[in-house]
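Data first, discussion second: the structure below is written as structure tokens.
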There are 2 protein chains.
Amino acid sequence: MAPESTSDVDMKAEILAAAAELFQRDGYSRTKVAAIARAVGITPPTLYWHFESKEDILFEFLRTSLQEFLNRIEAAIAGLTDPVETLRAFAVAHTRAQLSQLEQAQTFLSMTYSRTQLASSLPKERYELIRELHRRHLDSARDILRKGAEQGVFDVPDLNATAFAILNICEYSALWFQPGGPLTVEQVAEMNGEFALRIAASPHEPRKE
Amino acid sequence: MAPESTSDVDMKAEILAAAAELFQRDGYSRTKVAAIARAVGITPPTLYWHFESKEDILFEFLRTSLQEFLNRIEAAIAGLTDPVETLRAFAVAHTRAQLSQLEQAQTFLSMTYSRTQLASSLPKERYELIRELHRRHLDSARDILRKGAEQGVFDVPDLNATAFAILNICEYSALWFQPGGPLTVEQVAEMNGEFALRIAASPHEPRKE
């Protein structure tokens, strides 16, 4: 197969965006390929030229959006070595990614909810691949916490419980944040960065002995 | 109408439990009243003797389970006056309620997700009543934080952001907690109590000036 042209890539992205909206609005099983094609303004045969099946569309949507999320976080902490700085940047970037997404596409209360549910429509092998991407993010949080604990700058009662506490604060900011409301994305992101350090009881907020 | 007998109350509870499982498994709109009746082992007319409509069942399920949740939290903080003690008890009770529920009914990754989605199937007025119950929990968290900030024992950068950070840690513990796994419900609840105080930068974890 010849390398994809720019317009092919654009068309794929358009199909994914339209499909994502329909999957999340109507549910995966109730969304027909014909409806996705119609939403993009193409015929089903044209759609099938880009994706072999509805499942392929779902998998690509989940995989690419998660990969993009991971890339943003990795870019934000690249080059940082101090665990305190890294943890703050990690939480800020996670929150920023969640909330800016919300500002772009206000259709859903939470993309995350829908995505977790959508992933469960995938066959086992592909579901595991998506879970693996999620796990990479969790591993990254645990690594930062472990390093900080080893260096004595964090107090981490349990690696998983602490990592998830921080991830959940960032992830579910999208549930209460109101675009155009009293707080900006940046303000919430900065606060979550601060909360992450407080949770890890970083040197900025040492525990009283 | 005569007061309900114990067996009526039991039957109602059974219907609600069966309906909740079906709603969450198949979605509200796809669940037929006949299927709920079948799951309980009664006829549709018997079911209609207890509930006038499928919507009534959904509303009652959401209302009673939320009310029960609120009662547990209120009981846990009743009589406490110190904001530090109260915040810890609040977070511990919230986590305990979420996780013990998960231990009882392992069918779902998250009851909360499903409930939020289910509530959106209600007509506006009833939806608002459910939201009002949710808001009561949020108000309770904000009250504790406000009191602590006023007494100078908490450092709260923003009341909403801080309250939601704490609520989300407790609420979404259910997403990663594994019943029978390395941590017990009590251990996670205690850690979340500690994290809540760290987030509020309580006297136990004062900020470095």
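No value in this document is a laboratory result; all are computed from the given coordinates. For clarity, every value in this text was computed on a predicted model and none was experimentally measured. Cβ atoms come from the backbone with ideal geometry, glycine included; neighbour counts cover every protein chain shown.
Filter the cross-link list A:LYS12/B:LYS54; A:LYS12/A:LYS147; A:LYS12/B:LYS124; A:LYS32/B:LYS54; A:LYS124/B:LYS12; B:LYS54/B:LYS147 down to pairs whose alpha-carbon distance in this structure exceeds 32 Å.
A:LYS12/B:LYS54; A:LYS12/A:LYS147; A:LYS12/B:LYS124; A:LYS124/B:LYS12; B:LYS54/B:LYS147
If neighbour count is taken as other Cβ atoms inside 10 Å, put A:LEU167, B:LEU175 in order from fewest to most.
B:LEU175, A:LEU167
How do A:SER121, B:SER100 rank when sorted from fewest to most other Cβ atoms within 10 Å of their own Cβ?
Lowest count first: B:SER100, A:SER121.
Against the longest alpha carbon principal axis of chain B, how many degrees, from 0 to 90 and to the nearest 10, is the axis of helix B:6-26 turned?
Tilt relative to chain B: about 80 degrees.
Given only helices, namely DSSP H runs of n ≥ 4 each adding -39500 (n - 2.57), what is the per-residue ellipticity at 222 nm of chain A, to the nearest 500 deg cm²/dmol?
The helix-only estimate for chain A comes to -23000 deg cm²/dmol at 222 nm.
For a Förster distance of 25 Å, can you work out the FRET efficiency between the beta-carbons of B:GLU21 and B:ARG131, rounded to the nearest 0.05?
Calculated value: 0.60.
With each pseudo-label sitting 7 Å past Cα toward Cβ, what's the B:ALA35-A:VAL9 distance in nm, one decimal?
With each label placed 7 Å out from Cα toward Cβ, I get 4.4 nm.
On a 0 to 90° scale, report how tilted helix B:185-199 is relative to the longest principal axis of chain B, with both axes built from alpha carbons and the result rounded to the nearest 10.
It is inclined by approximately 50 degrees.
Expressed in whole Å with the largest first, what are the equivalent ellipsoid semi-axes of the protein assembly as shown derived from the C-alpha gyration tensor as the square root of 5 times each eigenvalue?
35, 34, 18
Using Cα atoms only, what is the angle between the long axis of helix A:83-104 and the major principal axis of chain A, expressed in degrees (0 to 90) to the nearest 10?
30 degrees
Please compute the Kirkwood hydrodynamic radius over chain B, one decimal place, Å, based on all pairs of different Cα atoms.
For chain B, inverting the mean 1/r across all distinct Cα pairs yields 18.7 Å.
Specify the residue with the greatest mean-square fluctuation among A:GLN101, A:GLN117, A:GLN151, computed from a Gaussian network of chain A linking alpha-carbon atoms under 10 Å apart.
The residue with the greatest mean-square fluctuation here is A:GLN151.
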